[in-house]
Structures are given as C-alpha cells and as structure tokens.
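J.: Below is the structure I would like to discuss, written out as structure tokens.
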Amino acid sequence: MKKWKVIWIGVAVGLLASGCKGFAVESSQFQPKSSSIYVARDGGIFSATVENYENGNYSSDTLKEFITSEVSAYNESLGAPAAAENTEETGILPVSVSSCLAEDGKLTVIYQYENSEAFRAFVNEYKDTANQTVSFGTGTALAGREAGWLSEGGFVKLGKNAETMEARQKDLEKLGKERMVMVEASHPVTIQTEGTLLYVTRNVAVLDKNLVQVPEGKHYLIFR
C-alpha cells in the first residue's frame, strides 16, 4: 500500500513482534503470505496488505495505533462512526481492522469490508495496488446466473490436484447456493476463498483448492 508504506517505515520504534490486541480475526483460515483478497462463504470480503521491511524493528502497538486511526478517520469521512472495529454499538462499518501483525520481516494488516463497493473504494483511496480491481462482486450462483455471469465466460471444472476439464452448461445451471465471485482487474490479483473452488473461468491460475491468481480481464469463480 504505497500511501501507507512510507509511514509504516517510520514506526520502527522497538521490538514487539506480536499481533494487534483487541481485534477478533474474523476468519482464521485467511493467513496470507502476500497481499490478497479473501471471500468467505457468507459473502464477507477481506483484503490483506503485506509489506516487507528489512531495517529496524516494528512496534505492533504503534502499528495498531496508526492503522486504527486511519481507518477510524476514513469511516468517519463516510458518515459512519469513527471506529475501526465492528461492535454492537458501531454496527457494520464500511471498513474494519480484522488483525494486524509485525513479525518475521513483514507487516500484515487484514481488513474486512461492509460490501464490495466499500472494498473497492478503500483500496483505491489508499493505493493498495496489489488488490485494486476495475470491478468486483459476490453473490450466490443463482444470483450470478440471473445477472448473466454464468453465460459470459467459458468455465472449467476443477478436479483433483487442480486438474481442469470443460464445464458442462447443464451442470452450471443446476448451481444455486454456491458462492460466486466476479472480478475484473487490469493486472493479476490473488484471491482465496473460504470453501473449495468448483469452477473458474479459463486462464485463471489455480494455486490450491481455494487459492487462485486471476489474470487481467474479467473472470469468475464458484466455490462451495
């Protein structure tokens, strides 16, 4: 995140390689090694900003103070409570801090978003280039079919060991409650899903059963 990276480099004020306290990690399955996007089964959207540092030691307390201050101010600018954590009092904020960690030469912050619009607005505002997209959306496969997503691109079905085979349209038409993701980007982006991927559009690089690198252009993912 270029806008924040310079400031992060200035907070090396002591050794405390531990996570931010006071924030519940909403999805323990999301433990990214690089900047990426995560989509949960319930449609929840997260992103991770991961930056390497070589010189100095970072105080997690200082990192926490900076990140929460920035997110609180951002939410307040949108008319939401000046907070960085979802609570009963704040409700669901446009952006919340799920976790942050200064450890092993990396600064990692995971954000959670109210919806896809909040996600795109935030990463664009703070120049999180690794996670920027032209468009992004999630929904059920049924909703995706109604939106025309299932007929827009050629899908392949994932088999064992990330093997792929041509997807049959009649099988796609039977999908309903499965989660569908639409992403259009001007550069490759990495996406992790909470559930196992069933179908992806052609040219999506399958890295694991729930991890892909999506190339430039518009693509779709379906997972259960």
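J.: If you add up the charges near residue 165, with Lys and Arg at +1 and Asp and Glu at -1, over every other residue whose beta carbon is less than 15 angstrom from its beta carbon, what do you get?
T.: So the surrounding residues net to +2.
J.: Per residue of region 167-178, what does 6.51 cos²θ - 1.76 cosθ + 1.60 with θ = phi - 60° give for ³J(HN,Hα)? Whole Hz please, x for Gly and Pro, Karplus curve as stated.
T.: 7, 8, 4, 5, 6, 4, 5, 7, 5, x, 7, 4
J.: Strictly over 28 Å apart at the Cα level, which of 174/209; 106/218; 33/127; 127/157 would you flag in this model?
T.: 106/218; 127/157
J.: Also, I was wondering about something else. Using 0.36 nm per residue, how much length does the chain from residue 173 to residue 89 gain when fully extended, once their Cα-Cα distance is taken away?
T.: The residue 173-residue 89 span can extend by a further 26.1 nm.
J.: Also: Counting pairs of Cα atoms in region 94-224, how many percent are more than 19 Å apart?
T.: 52
J.: Between residue 208 and residue 125, with labels modelled 7 Å along Cα→Cβ, what's the label distance in nm to one decimal, could you check?
T.: A separation of 3.1 nm, rounded to one decimal place.
J.: Figure the gain on full extension for residue 135 and residue 187 (residue separation times 0.36 nm, minus the Cα-Cα span) and round it to one decimal in nm.
T.: Taking 0.36 nm per residue and subtracting the Cα distance, the gain is 17.5 nm.
J.: Can you figure out the FRET efficiency of residue 147 with residue 82, using R₀ = 41 Å and their beta-carbon distance, to the nearest 0.05?
T.: Efficiency, from the Cβ-Cβ distance: 0.70.
Every read-out reported here was derived from the displayed coordinates using simple, explicitly stated rules and does not represent laboratory data. Quantities reported herein were computed from a predicted structural model and do not represent experimental measurements. Here the Cβ is made from the backbone with ideal geometry for all residues, glycine too, and neighbour counts use every protein chain on show.
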